Amino acid sequence: MRQYICRNSAFRGFGQSRAWHIRNSTFARSYLFKRYASTSGSSVTKKSLSEILAGVIKTTGPISLAAYMRQCLTNPESGYYINKDPFGAGGDFITSPEISQMFGELVGIWILTQWMAVSKPDESRLIELGPGRGTLMADMLKAFQSFVYFNKTIKEICMVEASPTLRNMQHKLLCDEPIEVTENGYTSKTKYGQPISWYTDLKHVPKDNCAPFIVAHEFFDALPIHQFEHTQHGWRELLVDYSIPKVETPLSLPNQTTSLSPENPKFHLTIPAYATASSRVVPSSSERYSKLPIHSKIEVSPESWDVALEIAKRIQEKDELGRIINAGSAIIIDYGPADTIPVDTLRAIKSHHIVSPFEEPGSADLSADVDFVALKDVALDQVGIDVHGPVEQGDWLHTLGIGARATVLANRQSSQEGKDRVAKAYSRLVERSGGAMGKIYKVMAFTPKGSPVPVGFGGEVAE
Ligand code: SAH
């Protein structure tokens, strides 16, 4: 999750995320990719996302929460991520890489140790899912400059990013050369001369003999979720519906009301009397869900399963004889319970405040807790790799050496203010009390079957 800063109080807490994926949705196909416009005379008025969503619901009936989230976050015209930079004090939330360079540096060091653990392949590909402003990648690349042998193996950097605005920010931060359009995305060169490409989906990232090292920091919490409830009549999916508020005009007589026209629909969750296709299939897909008693609620993200599967397949590629022909590693850092199913965790953050996810669709960041066990199950059951963790971020950063790094950085500061800044960033990343980041953020690693236990999960640096 992200962190948000509650401006009206001294409290600095933790915030949340976003979501999307626009594929496989009848709703998206039939409506949302069409340009909604109403024409009156020669003037064309673009409809708001609220009006578009209300139009869809009016036609198809209530929609899944996943479809709603997807549109709020990545609708090509009005999705939350599409046109804005949501990070930092002036944005809606802040993330670990934005708090301190130490975070990206240590993720980079972990990748270096994994490159050693998978026998130092000659060619590597760095892949980041949801790179935000590009800060984490910038800090990793900088750290790699001190590890010349590994650095030389990096043949390409691949960024998986759905937002054109953030893609441009990443390019500006990481590159001096212009960005060019390619068949599948965009390409340029980093300041260090490495080829760098942008894609909107991990599936488009090339697969060849380069060992993939994949980072997903606060990516999974942005993927759409479904909510289900086990009722007396079976599992039901919570759906998004809307109503049009009625207002009384100043001149109206008792009982006379005037409907606001559909530009002001109010969205809310509803539980239908009928089963949906998802409610028939998803809760019965695992005993983790199907065995839950009546009145249980769950959040499930099949889109996250797809991404976890793709990651797992990439870090352990096999030939027809089942021999591993390409080995890499992946690190997933996000917030969510280590061993339980998320329940009622959907959140919206706007200007560092928690708001309703149903207010002004597209204006707030939406996120939900990541179900680490579900990601782990996909990787173990469908690909048979090794999965480590999740462990708490604070512990993981400590094992990677954040204490020593913070001391070095603090000593380099000439002012007390600078030293305090480093100390504060350090505490913010590792602190475990209450709902602090060091505890609620979890780290999980995917490694090829039988490779050494990674650093931060009980293992040592491989020779
Ligand atoms: N990792 C960054 C940003 C986290 S915000 C950090 O920690 O600072 C989430 C990021 O994921 C943003 O860059 C957002 O644009 C991207 N994103 C969210 N859903 C995505 C999707 N389905 N496909 C590609 N990128 C996505």
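The values are calculated or read from the model by the stated rules, or taken from the named source; none is laboratory data. Computed from a predicted structure; not experimentally measured. Ideal geometry is used to build each Cβ from the backbone, glycine not excepted, and the neighbour counts take in all protein chains shown. Please note that ligands, DNA and RNA were not included when accessible areas were found on the heavy atoms of the full protein model with its side chains. Shrake-Rupley method; radii C 1.70, N 1.55, O 1.52, S 1.80 Å.
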**OP:** Output yes when any residue across region 144-163 is surrounded by 18 or more Cβ atoms within 10 Å (Cβ to Cβ), more than 16 Å from the ligand (Cβ to nearest atom) and either assigned to a loop (DSSP other than H, G, I, E, B) or acidic (Asp, Glu) (or both), and no when none is.
**Re:** yes
**OP:** May I ask you to list pairs of residues, at least six apart or on different chains, whose Cβ atoms are under 8 Å apart, with the first in region 416-432 being under 12 Å from GLY394 (Cα atoms) and the second being open to solvent by 60 Å² or more (accessible area, probe 1.4 Å) and not basic (Lys, Arg)?
**Re:** VAL430/HIS398
**OP:** Have a look at GLY394, GLY418, GLY435, GLY384 and point out the one that is within 22 Å of the chain's Cα centre (by Cα) and exposed (fewer than 15 other Cβ atoms within 10 Å of the Cβ).
**Re:** GLY435
Original post:
Is there a residue being touching a residue at least 12 places away in the same chain (Cβ under 8 Å) and farther than 24 Å from ILE315 by Cβ anywhere in region 194-211?
Top reply: no
Original post:
Out of curiosity, is MET169 within 24 Å of the chain's Cα centre (by Cα) and open to solvent by less than 20 Å² (accessible area, probe 1.4 Å)?
Top reply: no
Subject >> Scope region 293-307; condition surrounded by 17 or more Cβ atoms within 10 Å (Cβ to Cβ) and not charged (D, E, K, R); matching residues >> reply: ILE298, VAL300, SER301, PRO302, SER304, TRP305, VAL307
**OP:** Any chance you could count how many residues in region 284-317 are part of a helix (DSSP H, G or I) and either in contact with a Ser or Thr (Cβ under 6 Å, 6 or more places away or on another chain) or of a type in the set (Asp, Glu) (or both)?
**Re:** 7
Subject >> Flag for PRO62 being open to solvent by 30 Å² or more (accessible area, probe 1.4 Å), within 15 Å of the ligand (Cβ to nearest atom), under 27 Å from LEU239 (Cα atoms) and not small (Gly, Ala, Ser) >> reply: no
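Residues in region 119-129: is at least one of a type outside the set (A, V, I, L, M), under 17 Å from the mean Cα position of the chain (by Cα) and surrounded by fewer than 24 Cβ atoms within 10 Å (Cβ to Cβ)? Quick ask: steps written out before the conclusion?
Taking region 119-129 as the starting set, the residues that turn out to be of a type outside the set (A, V, I, L, M) are 119-125, 128.
Among the residues that remain, those that are also under 17 Å from the mean Cα position of the chain (by Cα) are: 128.
From what is left, the residues that are surrounded by fewer than 24 Cβ atoms within 10 Å (Cβ to Cβ) are 128.
Looking through region 119-129, at least one residue is of a type outside the set (A, V, I, L, M), under 17 Å from the mean Cα position of the chain (by Cα) and surrounded by fewer than 24 Cβ atoms within 10 Å (Cβ to Cβ).
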Subject >> Lone qualifier among LEU173, LEU129, LEU141 - being within 16 Å of the ligand (Cβ to nearest atom), within 25 Å of LEU400 (Cβ to Cβ) and touching a His at 6+ places or on another chain (Cβ under 9 Å) >> reply: LEU129
**OP:** Tell me, please, whether a residue that is touching a His at 6+ places or on another chain (Cβ under 8 Å) and not aromatic (Phe, Trp, Tyr) can be found in region 393-414.
**Re:** no
Original post:
Among the numbered criteria (1) surrounded by 22 or more Cβ atoms within 10 Å (Cβ to Cβ); (2) touching a Leu at 6+ places or on another chain (Cβ under 8 Å), which single criterion is violated by ARG133?
Top reply: (1)
**OP:** Evaluate region 84-96: report whether one residue or more is open to solvent by less than 10 Å² (accessible area, probe 1.4 Å), within 15 Å of the ligand (Cβ to nearest atom), of a type in the set (Asp, Glu) and at pLDDT 95 or above.
**Re:** no
**OP:** Go through (1) within 16 Å of the ligand (Cβ to nearest atom); (2) out of contact with any Asp or Glu (no Cβ under 6 Å at 6 or more places or on another chain); (3) open to solvent by less than 10 Å² (accessible area, probe 1.4 Å) one by one and return the number of the condition ASN184 breaks.
**Re:** (3)
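The rows are residues; the columns are (1) closer than 30 Å to TYR242 by Cβ; (2) within 16 Å of the ligand (Cβ to nearest atom); (3) touching a residue at least 40 places away in the same chain (Cβ under 8 Å).
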{"site": "LEU269", "(1), (2), (3)": "yes, no, yes"}
{"site": "SER279", "(1), (2), (3)": "yes, no, yes"}
{"site": "ILE315", "(1), (2), (3)": "no, no, yes"}
{"site": "ALA330", "(1), (2), (3)": "no, yes, yes"}
{"site": "THR340", "(1), (2), (3)": "no, no, no"}
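Would it be correct to say that VAL307 is within 16 Å of the ligand (Cβ to nearest atom) and modelled with pLDDT of 95 or more? Spell out how you get there, then give the answer.
Numbers: within 16 Å of the ligand (Cβ to nearest atom): yes; modelled with pLDDT of 95 or more: yes.
Yes.
Which count do you get for residues in region 196-213 that are in contact with a Leu (Cβ under 7 Å, 6 or more places away or on another chain) and either farther than 30 Å from GLY134 by Cβ or not in a helix (DSSP H, G or I) (or both)? So that I can check it myself, show each step before the final result.
Keep residues of region 196-213 that are in contact with a Leu (Cβ under 7 Å, 6 or more places away or on another chain), which gives 196, 202, 213.
Subset that is either farther than 30 Å from GLY134 by Cβ or not in a helix (DSSP H, G or I) (or both): 196, 213.
Residues that pass the stated criteria total 2.
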